[in-house]
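These notes are about the structure you will find just below.
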Amino acid sequence: MNSSPWLIPRLGVNIDHFATLRQLRGTPYPDLVEVAKRVEAAGAHQITVHLREDRRHIQDRDVFELRKKIGISLNLEMAVSSEIVKIAHKVKPDWVCLVPEKRQEVTTEGGLDVLKMKKKLAPLLRDFRKKKIKVSLFIEPDVRVVAASHELGADAIEIHTGKFCNATQKRYGAKSASIKKKELKRIEDSAVLGQKLGIHVHAGHGFDLENVREVAAFGRIEEYNIGHFIVCRAALVGVDQAVREMISAIQAP
Ligand code: PXP
């Protein structure tokens with residue numbers, strides 16, 4: 001149970017964009033297993049990958065290879081698609097994180113509409129449970145959706161922090177400060193309810209070394225899944241330092 005605040009959060013490193021660099025040129029490098037091993041050695045708790053339906057970065061073979069070769073938890077982000085579900089059942093990651101996916105989007109833009117999708121999600125969750133794969137639902141910071149995810153029997157919610165993070169990165173211009181305040185409150189309320197209900201509370205999307213501290217300061221998020229910023233930072237300071245800096249930001253904000 002995760003009823004007390006001030007827990008020590010875990011870091012899941014999303015390594016998709018190392019694969020983006022490889023796919024750009026169709027080269028054999030960077031070797032994703034080597035990346036994952038370095039992430040692991042730097043102290044991260046999980047490797048996260050998103051096997052998108054269009055296979056724009058992570059490929060099927062990457063997921064199977066990572067499953068075999070990494071020593072830490074594997075979290076597979078995936079659309080609610082029968083093709084990807086079949087692959088997930090074969091790979092048997094520790095976690096799957098179900099996300100809404102649109103072909104044209106640059107990245108996962110919103111959370112799952114759990115209220116509308118209950119009937120579709122229930123058998124999926126049951127089948128994953130049979131395979132001993134834990135399920136997290138990527139949702140908007142909305143207390144109604146937190147409650148619906150809990151009712152469905154999900155193991156975790158992952159709160160989509162994109163709107164808050166965009167506001168901290170000034171993408172909303174003059175409105176940024178008010179959006180930021182509102183979104184931070186929605187994230188905290190969702191995390192508080194999640195903890196109260198006893199569902200694991202994760203968060204991700206858009207985090208950098210600054211904005212993550214504002215969410216980490218609540219002390220209520222158990223796990224962060226962070227990708228783009230860490231890959232960008234790794235280009236400057238190396239994977240090891242980029243991962244260590246982020247662990248320190250979430251654990252000592
Ligand atoms: N969590 C989920 C469910 C995601 O879809 C993504 C983006 O792939 C992330 C976390 C990581 O987001 P970012 O790359 O912005 O850190």
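Using the Kyte-Doolittle scale, find the helices of the chain whose mean hydropathy is at least -0.5 and whose Cα atoms extend 20 Å or more along the helix's long axis, counting only whole DSSP H runs.
Details: long enough: 114-130 (24 Å, -0.45); 176-197 (31 Å, -0.57).
Span-like helices in the chain: 114-130.
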- Over the chain, what is the relative contact order in whole percent, taking alpha-carbon pairs under 8 Å and six or more residues apart? 23
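With every protein chain kept in place and ligands, DNA and RNA left out, what is the accessible area per residue of the chain? Probe 1.4 Å, answer in Å². Provide the component values of the computation, followed by the final result.
Working: 11900 Å² over 253 residues.
Per-residue accessible area for the chain comes out at 47 Å².
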- Task: Any chance you could look up the accessible area of T20 with a 1.4 Å probe, heavy atoms only, rounded to 10 Å²?
- Result: 50
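Would you work out the relative contact order for the range 66-128, in percent, from Cα pairs under 8 angstrom that are 6 or more residues apart? Working shown, then result.
On the way: 51 pairs, mean separation 17.1, N = 63.
Dividing the mean separation by the residue count of the range 66-128 yields 27 percent.
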- Query: Among the lysines in the range 58-158, how many pairs, 8 or more places apart or on different chains, have alpha carbons under 15 Å apart?
  - Reply: 14
- Task: Place +1 on the Cβ of every Lys and Arg and -1 on the Cβ of every Asp and Glu in the chain, take the dipole about the Cα centre, and give the residue among G219, V145, L115 whose Cα lies farthest towards its positive end.
- Result: L115
- Message: With a 1.4 Å probe and all protein chains kept in place, how much accessible area does K170 have, in Å² rounded to the nearest 10?
- Response: 150
- Item | At q = 0.14, 0.17, 0.29 Å⁻¹, base-10 log of I(q)/I(0) for the range 112-162 (Debye sum, equal scatterers on each alpha carbon) | -0.31, -0.45, -1.16
- Note on the structure: Per the C-alpha gyration tensor (a ≥ b ≥ c, the square roots of its eigenvalues), the chain is rounded if a/c is under 1.5, else prolate if a/b beats b/c, else oblate; here it's rounded
- Note on the structure: Restricting to Cα pairs under 8 Å and 6 or more apart, the percent relative contact order of the range 107-253 works out to 19
- Query: Within the accessible area of the range 95-204, what % is carbon and sulfur when the probe is 1.4 Å and the other protein chains stay in place?
  - Reply: 55
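Counting helices only, and only those DSSP H runs with n ≥ 4, report the 222 nm mean residue ellipticity of the chain as the sum of -39,500 (n - 2.57) divided by its residues, in deg cm²/dmol to the nearest 500.
Working: 11 runs with 125 residues, N = 253.
Mean residue ellipticity at 222 nm (helix-derived): -15000 deg cm²/dmol.
Sort E151, E53, E109 from largest to smallest accessible area, using a 1.4 Å probe on the heavy atoms of the protein chains. Walk me through the intermediate numbers first.
Values: E151 130, E53 55, E109 110 Å².
Ranked from most to least accessible, the order is E151, E109, E53.
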- Item | Area of F207 that stays accessible when all protein chains are in place (1.4 Å probe, Å², to 10) | 10
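The values are calculated or read from the model by the stated rules, or taken from the named source; none is laboratory data. Not measured: the values here are computed from a predicted model. For neighbour counting, all protein chains shown are included, and Cβ atoms are generated from backbone atoms with ideal geometry for every residue, glycine included. Each accessible area value is taken on the protein alone, full model and side chains, heavy atoms only, with ligands, DNA and RNA left out. Shrake-Rupley method; radii C 1.70, N 1.55, O 1.52, S 1.80 Å.
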